[in-house]
Structure formats: C-alpha cells, structure tokens
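Okay, structure first, notes after.
The values are calculated or read from the model by the stated rules, or taken from the named source; none is laboratory data. Note that the coordinates shown come from a computational prediction; the quantities given were computed from them, not determined experimentally. When we count neighbours, we look across all protein chains shown, and the Cβ atoms used for this are built from the backbone with ideal geometry, even at glycine.
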Amino acid sequence: SQQGEEDPQALSIQEGENATMNCSYKTSINNLQWYRQNSGRGLVHLILIRSNEREKHSGRLRVTLDTSKKSSSLLITASRAADTASYFCATPRAMDSNYQLIWGAGTKLIIKP
Amino acid sequence: DTEVTQTPKHLVMGMTNKKSLKCEQHMGHRAMYWYKQKAKKPPELMFVYSYEKLSINESVPSRFSPECPNSSLLNLHLHALQPEDSALYLCASSQEPSSYEQYFGPGTRLTVT
C-alpha cells in the first residue's frame, strides 16, 4: 500500500536548472529515504534523512524534512542529462519495521539538453 | 562487491510454464526482498527473507514461491502465472532487517503470454 504522495508527477527542465520534487506521508516516521530509478531498471538509494534532521546534503542533492507537515523535498541543483529518471520517496511502514517501506508514487524527471 | 545481480534480464513465459528468477548478492547482507513493479508505479513488496527465513509474505498468490537456498541467493519460482503478473521483478538486500538502506538489483522484466 502506498502512503506517500509525490508532486509533481512529472517535471521537465533544461539542463543546468534546479529540480525540486516533494513527498508527503501520513504516519509518524523515524526516517525518510529517496531513491532514483532509471528507466525500467533497479532503484538506487540516494539519501536518508532521519526524523530529528531538518536538512541534509549529498553532492548536488539537498533534502529537507518537515515532520510537522509530514513532508519532504528533494532538490537537485545544476541538473544534468544523466539525472533523467524517476525519483521515489520511501518511509518505513512502522517504527519497528524498517524493511517494509511505503513508497511514494514517484516523480518522473526529464532533463532536456 | 556492492552489487545485487538478477537473472534473467528478460523472461517471456506462457501461463502453463514453470520458471524461476534468481537473485544473488555477495555483500554479506542478511535480509533479502522481492518486489513487483508495474509500469509507472512504485515497487510493491512481495516477500522478505531475514537470515534465510521467510519473515514477510505480503499476501502474495501461491503461484509465486520464494526460496532462499543460502545467505547469498534468493529465488522466485513461478508457476501458472496470469497475464496481469507481467511486471518488473526487483530483488533487493539490506545489511540487516533493521537496516534502512536497500540495495536493488536491475530487475527481471517478465511477460506472461
């Protein structure tokens, strides 16, 4: 079952621009993860943010978490063609079941050269 | 070796066939997962193996039968599938069942005719 909602569903931007995608969830969480999936392939873990963190950076990625609004955002700066992919947020189904992830619907990002 | 491998990459099978999907990891991970993913949808958890024992079955039909012969291998046996079972089947692993980050294989694209 899906807990997360992501928006936008699709995003098309020019190379070099920044891309922002959002994720909302419904229950209390101890962490939130973002994954990337290139077309029809496996998912790659990008970044994890814990519930006591508000912002986290990894290279060109910046993730924020607002537990009061039950939402997170992923910002990709200076986008590249290779960033074209679908991006999913994921949260544990319950505090004691990290292995059972609830996935957002995903944002399809297209970077135009 | 930080890779999860899956074979075959593509599989076409009839509704009366029996086939198996194979997943392998050599990272010493003790939790392994099977997911099903339909086009433009997030992954859906099917099974979780923890220390080679089945710990989670997400009410998956019995025509899907998982097997964990050892700590590095995970199989998914398929029998009498339906066309609606056509999907991308993803294997993943994590260091422990309590670990957050999951490592995904590239998937097997299954078509049931």
Exercise. So, in segment A:48-82, of the ones that are crowded, with 19+ Cβ neighbours inside 10 Å and over 13 Å from A:S24 (Cβ atoms), which residue ends up nearest to the other protein chains (Cβ to nearest Cβ)?
Worked result: A:I49
For this session: Of the conditions (1) on the phi < 0 side of the Ramachandran plot; (2) out of contact with any strand residue (DSSP E or B) (no Cβ under 9 Å at 6 or more places or on another chain); (3) within 14 Å of chain A (Cβ to nearest Cβ), B:P61 clears all except one; give me its number.
Result: (3)
For this session: Determine whether B:P61 is part of a strand (DSSP E or B) and loosely packed, with under 14 Cβ neighbours inside 10 Å.
Result: no
Exercise. Applying the selection to segment A:83-106, what residues are within 14 Å of chain B (Cβ to nearest Cβ) and under 20 Å from A:L11 (Cβ atoms)?
Worked result: A:A85, A:S86, A:Y87, A:F88, A:C89, A:A90, A:W103, A:G104, A:A105, A:G106
Exercise. Taking A:A105, is it assigned to a loop (DSSP other than H, G, I, E, B), among the aliphatic types (A, V, I, L, M) and modelled with pLDDT of 95 or more?
Worked result: no
For this session: Please determine, by comparing only the residues of segment A:24-47 that are small (G, A, S) and more than 10 Å from chain B (Cβ to nearest Cβ), which one is nearest to the chain's Cα centre (by Cα).
Result: A:S24
For this session: Within segment B:42-52, count every residue that is touching a Cys at 6+ places or on another chain (Cβ under 8 Å) and either part of a loop (DSSP other than H, G, I, E, B) or away from chain A (no Cβ under 13 Å) (or both).
Result: 1
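In segment A:76-102, how many are in a strand (DSSP E or B) and under 14 Å from A:R36 (Cβ atoms)?
Counting residues in segment A:76-102 that are in a strand (DSSP E or B) and under 14 Å from A:R36 (Cβ atoms) gives 7.
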For this session: Could you please tell me which pairs satisfy a Cβ distance under 6 Å, a separation of 6+ or placement on different chains, a first residue in segment B:55-84 that is closer than 15 Å to B:T7 by Cβ and touching a residue at least 40 places away in the same chain (Cβ under 8 Å), and a second residue that is in a loop (DSSP other than H, G, I, E, B) and not acidic (D, E)?
Result: B:S72/B:H26
For this session: Please tell me if A:R93 is over 14 Å from the mean Cα position of the chain (by Cα) and under 22 Å from B:M32 (Cα atoms).
Result: yes
